[in-house]
1. Could you tell me which of Ala46, Phe59, Gly82 has its Cα farthest along the dipole of the stretch 11-129 towards the positive end, charges placed at Cβ (Lys, Arg +1; Asp, Glu -1), taken about the Cα centre?
2. Specify the angular offset, from 0 to 90 degrees and rounded to the nearest 10, of the alpha carbon long axis of helix 18-28 from the longest principal axis of the alpha carbons in the chain.
3. Run the dipole for the stretch 8-125 about the Cα centre, Lys and Arg Cβ at +1, Asp and Glu Cβ at -1, nothing else charged, and hand back the magnitude in debye, nearest 20.
4. Determine, at each q value in 0.12, 0.21 (inverse angstroms), the log₁₀ of I(q)/I(0) that the Debye formula gives when each Cα of the stretch 150-307 is one equal point scatterer.
5. For the chain, take the longest principal axis of its alpha carbons; what is the angle in degrees between that and the long axis of helix 300-310, to the nearest 10 within 0 to 90?
6. Quick one: dipole size for the chain, taken about the Cα centre, charges +1 on Lys/Arg Cβ and -1 on Asp/Glu Cβ, in debye to the nearest 20.
7. Stick to Cα atoms and the Kirkwood definition of Rh, then tell me Rg/Rh for the chain.
8. How large is the helix-only mean residue ellipticity at 222 nm for the chain, computed as the sum of -39500 (n - 2.57) over DSSP H runs with n ≥ 4, divided by its residue count, in deg cm²/dmol to the nearest 500?
Amino acid sequence: MSNDHPIKFVAIGLAHNHVYDMARRLMAAGAELVACWDDDPANLAAFAAAYPHAETTRFMDDLLADPAIDLVVSAAIHDERGALGVRAMQQGKDFLCTKPGFTTLEQLEAVRRAGATTGCRYTVYFGERVGNPATVLAGELVRGGAIGHVVHTAGFGPHRLFGRVERPAWVFQHARYGGILNDLASHQIDQFLYFTGSPSAEIVAATVANHHHRQFVEFEDFGEVLLRGEGATGFIRVDWLSPAGLDTWGDVRLFLLGTEGYMEVRKTWDVQGRAGTDHLFVVDGQGERHIQATGTPLPFMADYLADLRQRTETAITQAHVLQVSELALRAQAQAHILPASR
């Protein structure tokens, strides 16, 4: 693709609201949204209302075949993303989707093969890290040696299931959403590899359960994972158990233990403390401090667009995306199913 024109993208698969955030951030970084498509008229109408300049008259096959389109962006239902990405790559287009990128190892391997034969990129947008100012700032500080070498991470990804968002039926169908560890914990796996500098890891233990939503027999509302990397370990807990009284969708946190200090990132909320989001706490040899990180620049999308033009890997590497996705899938596959609590 040329370096002298904006990257043109289409949004295909609009089942999850994350597509709005990705589109907004891409346009802010200089990309051009050309068109959108979804087989659900309600999803298509909602996206078109948010981005009225996006064309809605062409079908998916026409958009994928259009040589003027550089990038396909998607938040399709989880089990549809891998095949859509392969089709886009076979048409010479890069592909960006929200997490999770896959629901089976077979889908991941198909993408790996497509990447090897086409040279196109399949990228998963791990927004909890690259789209969160406090986490981005934590990464900058860790890279600068603020707490020494990170030897342990603890990531918590609680969510609220009902109340502010109506959940579609596929959310409760295991084959479609892929399980709680494959879905939610992919964020925390991404952060473990990134902050510890581990190129890979092993799943030491994994557990899933449906503690509180037994009316959905295929659903999991709790999951945990223990990871071991190169010189570091990590713990992950994700759930759909955020109470109605919490003033946000989930009290998401990340703890980083280093050889010379530690950090806590309170991404969405500081319970009974400071107002707002994006809180970073740092404790080191000089003392302890709180940083309100809301204004921290988020370079991911600009770096990503530059990567697409120059075929570099500054924003994120293909190897990292596939390793995170594989670990999430393997954690889900080997998870012990805990009997529901009474």
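What follows is calculated from the coordinates using simple rules that are stated; it is not laboratory data. Everything numeric in this text was worked out from a predicted model, so none of it was measured. Glycine gets a Cβ as well: all are built from the backbone with ideal geometry, and neighbour counts include every protein chain shown.
1. Value computed over the given set: Gly82.
2. Its long axis makes an angle of about 70 degrees.
3. Details: 11 positive and 15 negative charges, 86 e Å.
Dipole magnitude for the stretch 8-125 comes out near 420 debye.
4. Ignoring solvent entirely, the Cα scatterers give -0.63, -1.38.
5. 50
6. On the way: 29 positive and 40 negative charges, 55 e Å.
My answer is approximately 260 debye.
7. Values: Rg = 19.7 Å, Rh = 20.7 Å.
A ratio of 0.95.
8. My calculation for the chain gives -9500 deg cm²/dmol from helical runs alone.
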